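The values are calculated or read from the model by the stated rules, or taken from the named source; none is laboratory data. This is a predicted model, so every value here is computed, not measured. Cβ atoms come from the backbone with ideal geometry, glycine included; neighbour counts cover every protein chain shown.
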Amino acid sequence: MTLNRREFILKTAASTAALGTLGAWPTPGAALTLVPGGPAPASSALPPAELLHDARKTATQLGIDPRIWNWRRDNPPGAPMPANYYEASLSDWPAFGGLPGDLHCEVVVIGGGLLGASTALHLAEAGVDVVLIEKDHIGSGASGRNGGQMTPGLARWEAGTMLDKLPVDDARRLWRFASVEAMETVDGLRARYGFDADRKHGHITAAVHPGHMGALVANADARRQLGDGKVRIIGPHELNSEHVKSDIYFGAAIDQGGGQVQPLALLRGLIHAFVKLGGRVYDGTSALAIDESPGATQVRTAQGNITARRAVVLAVHSATFQFMPGSATTVPFFTYVAVTPPLGDTLNTLMPSGLPVYDTQLQIDYYRPVRNNRLLFGGQGTGNSWSPRDVNLYLLDRIKTVFPQLEQPQLEYSWSGISDLTLNGATDSRKSAGDVPVYMVHGWSGHGVAQTVRIGRAISDDLTGRNNDYAMLTRFDHAGIPLGRHLSPVAIPLIKGALGVMGLINPSDMVSF
């Protein structure tokens, strides 16, 4: 029997929240620091993102949260922070410059990540006048730092969970939204605007215990019941001979509905398209307050106020709590990714099909080939930020465990990021009731890349009256987490520890964090 992780995490985190009132909690992170940028480019002058053959040694041009970091193997001590692998493998891109003063528009989008960019672009396609503001730079946050895996569905809501919790028609609609339509939205935008994002199709979920194969079979069966036949189950021999030369797996699910992407290239492609349609972007511009009133909603910034006649979209990540009413509904956690030096033909031997891989252990590994035969490898989720040294040692150990053929693997890049999770795994999607509503979405739980782009389209469709897909997302109930932002250092280890004990008791249960 597979453990219901969604309900277990809900109960565990609720207990942790109660403990939070008994002691002192860490103070929030310091204010963000911006790297000075160049002048705002004219619409016709903004170049698309150009993917290079390989990464180059360069300093980052992106201001990032001071709790996270970039590391490069040969970056001299005291030198500026290096770019992460994604930024280093793209051509230079200009900064946009700050808000010039008071503005009026139809919609203000706060946040220049994938959600904000997708929403802004889809609204611009519908002829809506949009202003997008970003407190740092485009790609500074999770949208430019994640693993790049495009995963169908919702975190901790597998197809079987949807069938158990929802009427069949509702389950089929939700699954299609978060899988087929999410992928089609990304691919459709790439085709319309002609930008490259290293999009690859398909991924592997590899079983680290023979008992996990039953859960993979059950999930594939449930997906077929929802009209999705893109998953097939294979045994260890086919997996080893055709996909992954590793002896630690007992079989896998091959999912042609998933895939991978260079996330920063995708984000820059969306912004390029938005600007091409006349959209206005200002970075280095932080929203201080959102004031709703009859007939207009105003976003206040240090540089001026922006008045929206139709809506405001709150598409930020770590600062959502500043604007959402009520208690927090997410817990933040830190994630880590690394990239090896070029491995040459060795990588083609280790991963003949080139499909990205996730596994089924408690703390999952995920990895995939990237340009110039490098291996991108990510994993671990922590309540406190780990140092580059600790992260590199952990990920190198995991690489040697998966591929002992690499006797002395090395890393050239590594970096950290901040994600967040809701207790039930679905995004917390809201819409205020004012004349000029505020749309608010956060809590991606590790399934953000394709789903985020699809939700941006849903917000646009809701505002323009095209359909009620967004209303479907707002029906999820989300438990409040008192002191949620400050619980992470205790809640994450507690949840993982409890899940680990249950995994030891019943190792055949597929329990992943």
**OP:** Please go through segment 302-343 and pick out each residue that is of a type in the set (Phe, Trp, Tyr) and more than 30 Å from VAL370 (Cβ to Cβ).
**Re:** PHE321, PHE323
Original post:
Where residues in segment 297-337 are among the hydroxyl-bearing types (Ser, Thr, Tyr) and within 30 Å of ARG72 (Cβ to Cβ), which of them is surrounded by the most Cβ atoms within 10 Å (Cβ to Cβ)?
Top reply: TYR336
**OP:** For residues that are under 14 Å from ALA273 (Cα atoms) and within 22 Å of the chain's Cα centre (by Cα), tally how many sit in segment 120-152.
**Re:** 6
**OP:** Collect the residues in segment 214-249 that are of a type in the set (Asp, Glu) and within 25 Å of the chain's Cα centre (by Cα), keeping them in residue-number order.
**Re:** ASP228
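Which of the residues belonging to segment 455-469 are over 15 Å from GLY443 (Cβ atoms) and part of a helix (DSSP H, G or I)?
Step one: filter segment 455-469 for residues over 15 Å from GLY443 (Cβ atoms), giving 456-469.
GLY456, ARG457, ALA458, ILE459, SER460, ASP461, ASP462, LEU463, ASP469, listed by residue number.
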Original post:
If you go through segment 257-280, how many residues are in contact with a strand residue (DSSP E or B) (Cβ under 6 Å, 6 or more places away or on another chain), surrounded by fewer than 24 Cβ atoms within 10 Å (Cβ to Cβ) and modelled with pLDDT under 95?
Top reply: 0
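What number of residues in segment 347-362 are in a loop (DSSP other than H, G, I, E, B) and either buried (at least 21 other Cβ atoms within 10 Å of the Cβ) or not small (Gly, Ala, Ser) (or both)? Spell out how you get there, then give the answer.
Initially, segment 347-362 is screened for residues in a loop (DSSP other than H, G, I, E, B), giving 351-356, 360-362.
Adding the requirement that they be either buried (at least 21 other Cβ atoms within 10 Å of the Cβ) or not small (Gly, Ala, Ser) (or both) leaves 351-352, 355-356, 360-362.
Looking only at that region, the number is 7.
Search segment 187-212 for residues being in contact with a helix residue (DSSP H, G or I) (Cβ under 6 Å, 6 or more places away or on another chain) and more than 28 Å from TYR249 (Cβ to Cβ), and hand back the single one that is surrounded by the fewest Cβ atoms within 10 Å (Cβ to Cβ). First the steps, then the outcome.
Step one: filter segment 187-212 for residues in contact with a helix residue (DSSP H, G or I) (Cβ under 6 Å, 6 or more places away or on another chain), giving 193, 195, 197, 207.
Those left that are additionally more than 28 Å from TYR249 (Cβ to Cβ): 193, 195, 197.
Working: TYR193: 16, PHE195: 20, ALA197: 23.
Among those residues, the one meeting the criterion is TYR193.
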**OP:** Would you check which residues across segment 92-131 are under 26 Å from PRO388 (Cβ atoms) and surrounded by fewer than 16 Cβ atoms within 10 Å (Cβ to Cβ) and list them?
**Re:** ASP92
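Here's the yes/no breakdown for (1) out of contact with any strand residue (DSSP E or B) (no Cβ under 6 Å at 6 or more places or on another chain); (2) without any contact (Cβ under 8 Å) to a residue 24 or more places away in the chain; (3) among the aromatic types (Phe, Trp, Tyr); (4) farther than 17 Å from ASP102 by Cα:
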{"position": "GLU292", "(1), (2), (3), (4)": "yes, no, no, no"}
{"position": "GLY295", "(1), (2), (3), (4)": "yes, no, no, yes"}
{"position": "ASN305", "(1), (2), (3), (4)": "no, no, no, no"}
{"position": "ALA308", "(1), (2), (3), (4)": "no, no, no, no"}
{"position": "VAL313", "(1), (2), (3), (4)": "no, no, no, yes"}
{"position": "GLN322", "(1), (2), (3), (4)": "yes, yes, no, yes"}
{"position": "ALA328", "(1), (2), (3), (4)": "yes, no, no, yes"}
**OP:** Mind telling me which of the residues ASP198, ASP228 ends up being closer than 30 Å to LEU51 by Cα and either in contact (Cβ under 8 Å) with a residue 40 or more places away in the chain or not in a helix (DSSP H, G or I) (or both)?
**Re:** ASP198
